[in-house]
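These notes are about the structure you will find just below.
The values are calculated or read from the model by the stated rules, or taken from the named source; none is laboratory data. Worth saying up front: this structure is predicted, and the values here are computed from it rather than measured. Reconstructed Cβ throughout: ideal geometry from the backbone, glycine too, with neighbour counts over all protein chains shown. Each accessible area value is taken on the protein alone, full model and side chains, heavy atoms only, with ligands, DNA and RNA left out. Shrake-Rupley method; radii C 1.70, N 1.55, O 1.52, S 1.80 Å.
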Amino acid sequence: MKNEGEATERPDNTAFTQQWLPAWQPILSAGIVIPGFLIIGLAFIGIGIGLFLTSQTIQVLEMDYTGIEKDSPCFRCTIQSVQNCTCEVTFSLSALFTGPVFFYYGLSNYFQNFRKYGVSKDYYQLTGDTQYFKSPRDVCSPYSYDSKNNPIVPCGAIANSMFNDTFELYQIINGTKKKVPLDGKGISWWTDYNIKYRNPLSVNGSFASAFDGTVKPINWPKAAYELDLTDPNNNGFLNQDFLVWMRRAALPQFRKLYRRITEGDYAMGLPAGNYSLTVHYNYPVLSFDGRKKLVFSNVSWMGGKNDFLGIAYLVVGSLCMVMAVVMLIVYAKFKFSEEDDA
Amino acid sequence: GLCKKLNSIYCGGDEKRVDSRTIYVGHRPCPDTEAFIPSKFCDNRIVSSKYTVWNFLPKNLFEQFRRIANFYFLIIFLVQVIVDTPTSPVTSGLPLFFVITVTAIKQGYEDWLRHKADNEVNKYPVTVLEDGRSVKKESEKIKVGDVVEVVEDETFPCDLILLQSSREDGTCFVTTASLDGESNHKTHYTVPDTEKDLQALPATIECEQPQPDLYKFVGRMHIYKPEQEPAVRSLGPENLLLKGATLKNTKKISGVTVYTGMETKMALNYQGKSQKRSAVEKSINAFLLVYLCILISKAVVCTTLKYVWQSKEGQDEPWYNQKNQKEKDTNMYLKMFTDFLSFMVLFNFIIPVSMYVTVEMQKFLGSFFITWDKDFFDPEIQEGALVNTSDLNEELGQVEYVFTDKTGTLTQNNMEFIECCIDGFQYKHRDTRSELDGFTVTDGPVNKLQQKAGQEKEELFLRALCLCHTVQVKEAGSEEVLTDQVDGIDGMQPQPEEERGFIASSPDEIALVRGAMEYGFTFLGLESKSMKIKNRENNIEEYKLLHVLNFDPVRRRMSVIVQTKSGETLLFCKGADSSIFPRVKPEEVDRIRMHVERNATEGYRTLCVAYKQLSAEEYAVADTGLREARLALQDREQKLMAMYNQVETGMSLIGATAVEDRLQEEAAETMEALQGAGMKVWVLTGDKMETAKSTCYACRLFQRGTELLELTVRTLEDGRLKREEKLLELLRDYHRRAVQDAPPVKAGVTRSWSTANQDYGFIIDGATLSLVMNPSREADASQYRSLFLQICQNCTAVLCCRMAPLQKAQIVKMVKNSKGSPITLSIGDGANDVSMILEAHVGIGIKGKEGRQAVRNSDYNLCFILPQFLYQFFCGYSQQPLYDAAYLTMYNICFTSMPILAYSLLEQHISMEILLDNAALYREIANNAMLRWRPFLYWTVLGIFQGLLFFFGVRFLFSNPALQDNGQVFGNWSYGTIVFTVLVFTVTLKLALDTRHWTWINHFVIWGSLAFYVFFSFFWGGIIWPFLKQQRLYFVFANMLSSVSAWLVIIILILLSLLPEILLVVLRKPRGPHSRQVYLFLPFPF
């Protein structure tokens, strides 16, 4: 702090050394606290009402399609022997589902937050550094080499367990199916797509050649460079579904964004009517008693539907108000009694 | 430790067997001795530093890791390195490194200062006489046996035997201020009859091995003369000049080195200072233990639950998270153990690594405030307060017992001659002043209203005052003063006389000599064993000084034996009444005793003066006896004492003197404030009871209403009972009165404003104390002690008079080790207080309550780690950390440490003025009030509440992780970051709520910390860090801020978790503006 050399001499006569620094001494007197509590209470109640109402306006449609019940449409697909199973889930909307509609898939009792699972990826591979294609990091084990000792790209448990059910949505108009266009862009974080993850550079003009000498993750039906053959910008590690999956969920029950419905006739939302959802059922969850569901939702400024925040604000706001009133009573009582004493 | 060992190997190894060392003056072989074997002594290097450049690292590290917390973190760090754990070793390694580094820097800096001081001493140029030449040498090169020259105002480079002085009378003056704090001049003597030519002095010195007692030294010097028996001279402490003392009022001295370097008395006295642990550190350790228990139970709970949870099919190893072969092969129990360790590592931050460093920094910087304080600055000696150890600052706030010396501490030790009593007649000095006009030789200084003693008695008394002392006339400019004085004697100007400079080891002596001067007898000085005084007729009288029987605190008197011109041999003796009265004729005593006692009750220091005439035979016996005793190597002290006692008998009493020792400025106010603060003040003094008692009344330690319980030799005198029986009876009686009948008062709150409580004062004297401490029957000892202690603890003030220095220390030790181990503080100035000061906890000061922040820190960590614990229930007990490693690492050392440090340094929760006005406020913080278990529990509960709130608040928010208006979802790191943000803001704002004294530094640090957190988070998440193997926080913070919901949840959680604190602050607030500050802190209104 200050020079100690002078310490033995006459002490500096400064406000700091003499501990006379001018100081602000706030006192939480009743005159400040009670109005303060009132204002905070009012503000919170206001925000709470806003949040709650907003949350109420958000439409949500949730459907479990795991296929536990025998009569459920996807029960058939839960039998292990069935390959490339497709099932159809139907639903009807009585009113317009205001757009833009967000299409989520949800998993429960699925622990993306397992520690070992979470570290099981090779960040250098995912930045397109082909050096690491040949020798994945140890943390990827047991998902770093296949049985023939070929390196797996992308290695690790997260990539290997990528969610691979796919969905097609149809509106049924007079018995005919009209495909609802699903928008797969912009479902992952902008920074993930644009900065954090990088594809390897193409070798001799061929993107697939960059992956030479490696094998796809064991559970993947196709290699990383084949994730979206229609759109090179959505292929490889920059595949948006892949990116969404790679951002680990915080809790064992979670939902991830699958598609947005923003185009064509459905830009304003899903009109009332009957819909059919074709599920390409690939992802097994029953072995660990998991569940899969589909969620249609629209969002507001506060995000998806969440009543908690609004209620919390209302409760805390009311609490503040109550406390302000109680304090006012106590204060008044004491003030009077003090005056009596005097 | 190590240093000492080395020293003993190099220096004392071969000497261990003999109890004396032989030194050859100037390294010259002496004829008569067997063989000249230059023994090996250690060099004159002083090493007070602990470390050297090369051993600093290992030694310092070793010492730091002996601290529990550091060692614990080292273990955690090693576990992280060895076992596969959830967080990288960096997370605990970095804070540990930081703590270790900061501490090492602090200790290194302190050691560097010591090195500098050592070097200054060791490289100081000194003059050594070598082969007839003066050689300049570095101080560290001095060897035992070297003859060293020292000039005025220099400090002695080693322990020297004084051989030669530039003063004619073979004396020199030193001050030992840096050794024992006494700034008086002390006289030391050359070895008598040494050759003037030091170059060729063939002599050996035989003296005892080095020992730390500053006031003890025995030795013998053999001077060899050709063809003659070697002459033997005795050496005592008066011949020994101690390293560290300063030469005063003497141009130059030469001396032969006897002890060097680490064997000097100074070095021996400073060695082996054990590091005292402060009470705060002890309670911190206790709290740490509690948290360690919480930590272990958390880890056990998690490990158990993990295996319970895994036993369910499919949970342990779902298809998406297969184990590799190695994991499958691992033994089940080993896995459990590593899991346990992993949980320990995950939760280990519950124990705040930075706590010790915060406390240490606070103490270190806090000590600067003491040094800097202008109010501690003494303009007279141009010195401020000096903090010798920063480890004990906070103890100052916890003091329960204050032990104080009387002379020089309560009083100014600045004596003034008040009156005397000659042959039973009273002479008032102040009266004579006013009657100077009528001053004539025959009239004398006698108050005309009173009878006066015979002129002969009067003059004898004044001569005695002039002769019986060890005062020296100040050399510089003495002639000038003398002429002034001669000129002024007719002009009725007493001022020049006043200006005459005297030097003495005790200010009473000067006062007495001055007093005699007032009455017309002036001491002119001592020259070559002859004392000159000027009598009332302005004639010079000369006396040959034959012997000085020095003052010592046991005898409590001193004597001189002088020979008059006419050949008479006289012994003059002055001393405390108790030591003189038994040695004079009883009928003389009666006339004077009354005066002495009256003077004593008025608070003056009294001395009695006696004399006797020695016949030639008597003197011859005394002379040989004294000489023999002085030469004795063994038991010299006892022999001298016996001889003194033998000589000082059968005297006749001439009179008594009264000298006033004024109270220090504001002594009374200070004492009152100390008592008001609930501290118990004990006065420990060597003075007589009456004097001490009146001083106690004067400084309001005893007040009119105080009931005095006296336990002294006087009260023990009882015809019927033996002393010990009486003692027990009195003790029981006092115990009943002061302890049993007294209303039960909490310790530390004895004195109050209400007069309902009877105040007790307790008086005990040295003789009785030794009876209490060492009764004849050992079995009674504990009973006596406990009775005594209980009485003392219930008294507001305790006066212990007639104390020997060792008894002072004994008392302090007894109180310190009593129940509840109260913190003790000793104040003193003299050498007789050193042992007492060393014994007590604290040297001196005013401030406290800093221990508080330590506990705060730990509750920070509870709400920090609790969410991490709760998260385990949601991640399959897989030890997934909630927060990023950077946050884990930085939390303690960066985000939360600075505000707490600033708070602990700068907070004045009550303003200075109010504090000074209301000493009772001190009670609030005494007994480590801020560190007791109740607040600790409160903070723990609060921490748990907040931890739960943080975690579940965000948990409910994340029931729908789509928190942005673009529908994208947040992942686990966003979760952790939101919790962490709430956490950092909450703990910082909570501290802000508690801060009552906002200086710009507080503002800067509190808002700065928050700003730093935000800035750091942006920065940390804003860049792809090339050295990281994963970029898990990349843009997490920025994304979080783009979500309105995240903002809202952060705000509401901060508010909710601060709500209890706000409520507490508000509810505890006093109502009404007048009483608003003091009100709060007083347990009762007055």
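Numbers at a glance
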{"read-out": "Cross-link table B:LYS529/B:LYS612; A:LYS178/A:LYS216; B:LYS106/B:LYS186; B:LYS225/B:LYS639; A:LYS305/B:LYS1029, entries beyond 27 Å C-alpha to C-alpha", "value": "A:LYS178/A:LYS216; B:LYS106/B:LYS186; B:LYS225/B:LYS639; A:LYS305/B:LYS1029"}
{"read-out": "0 to 90° range, to nearest 10: angle between helix A:307-341 axis and chain A longest Cα axis", "value": "10"}
{"read-out": "For residues of B:366-372, the mean tally of beta carbons on other chains within 10 Å", "value": "5"}
{"read-out": "Cα-centre dipole for the stretch A:60-299 with unit charges at Cβ (Lys and Arg positive, Asp and Glu negative), debye to 20", "value": "400"}
{"read-out": "Trypsin sites (Lys or Arg not before Pro) restricted to the stretch A:180-216 and DSSP loop, no more than 16 other C-beta within 10 Å", "value": "A:LYS185, A:ARG198"}
{"read-out": "Spin-label zone in the stretch B:988-1006 - amide nitrogen under 19 Å from a point set 7 Å from the Cα of B:VAL1014 along the C-beta vector", "value": "B:988-993, B:1002-1006"}
{"read-out": "Protein accessible area in the stretch A:60-299, 1.4 Å probe - carbon and sulfur %", "value": "50"}
{"read-out": "Karplus-derived 3J(HN,Hα), 6.51/-1.76/1.60, for each residue of the stretch A:94-106, Hz, glycine and proline x", "value": "8, 9, 5, 8, 4, x, x, 8, 9, 10, 10, 10, x"}
{"read-out": "Under Karplus coefficients 6.51, -1.76 and 1.60, residue-wise ³J(HN,Hα) of the stretch B:878-889 in Hz, glycine/proline x", "value": "9, 6, 5, x, 7, 9, 5, 4, 4, 5, 4, 6"}
{"read-out": "Extension gain, B:HIS1003 back to B:ARG598 (0.36 nm per residue minus Cα-Cα distance, nm)", "value": "139.6 nm"}
{"read-out": "Selected from B:ASN55, B:ALA69, B:GLN80, residue furthest toward positive end of dipole (the stretch B:41-123; charges at beta carbon)", "value": "B:ASN55"}
{"read-out": "Choice from A:SER29, A:SER55, A:SER276 showing the highest fluctuation, given a GNM over chain A with Cα pairs closer than 10 Å", "value": "A:SER29"}
{"read-out": "Cβ neighbours within 10 Å from other chains - mean over B:141-153", "value": "0"}
{"read-out": "Nitroxide proxy distance, nm - points 7 Å out along Cα→Cβ at A:ASP265 and A:THR230", "value": "1.8"}
{"read-out": "Residues with amide H under 5 Å from that of B:GLU527, placed H, sequence gap 5 or more", "value": "B:LYS532"}
{"read-out": "Heavy-atom SASA rank of A:LEU251, B:LEU292 (probe 1.4 Å, accessible area, largest first)", "value": "B:LEU292, A:LEU251"}
{"read-out": "Cα coordinate range in chain A, projected on the principal axes (Å, largest first)", "value": "90, 67, 38"}
{"read-out": "Between 0 and 90°, nearest 10: helix A:30-57 axis offset from chain A longest Cα axis", "value": "20"}
{"read-out": "Heavy-atom SASA rank of B:TRP1020, B:TRP1007 (probe 1.4 Å, accessible area, largest first)", "value": "B:TRP1007, B:TRP1020"}
{"read-out": "Pairwise label distance in nanometres, B:LEU61 with B:GLU542, each label 7 Å out on the Cα-Cβ vector", "value": "7.5"}
{"read-out": "With DNA, RNA and ligands ignored, accessible area of A:ASP289 (1.4 Å probe; Å², nearest 10)", "value": "80"}
{"read-out": "Simple spin-label estimate for A:LEU28 and A:ASP146 in nanometres, 7 Å along Cα-Cβ", "value": "6.5"}
{"read-out": "³J(HN,Hα) computed for each position of the stretch A:141-148 - Karplus, 6.51 cos²θ - 1.76 cosθ + 1.60, integer Hz, glycine/proline x", "value": "4, x, 10, 9, 10, 7, 5, 8"}
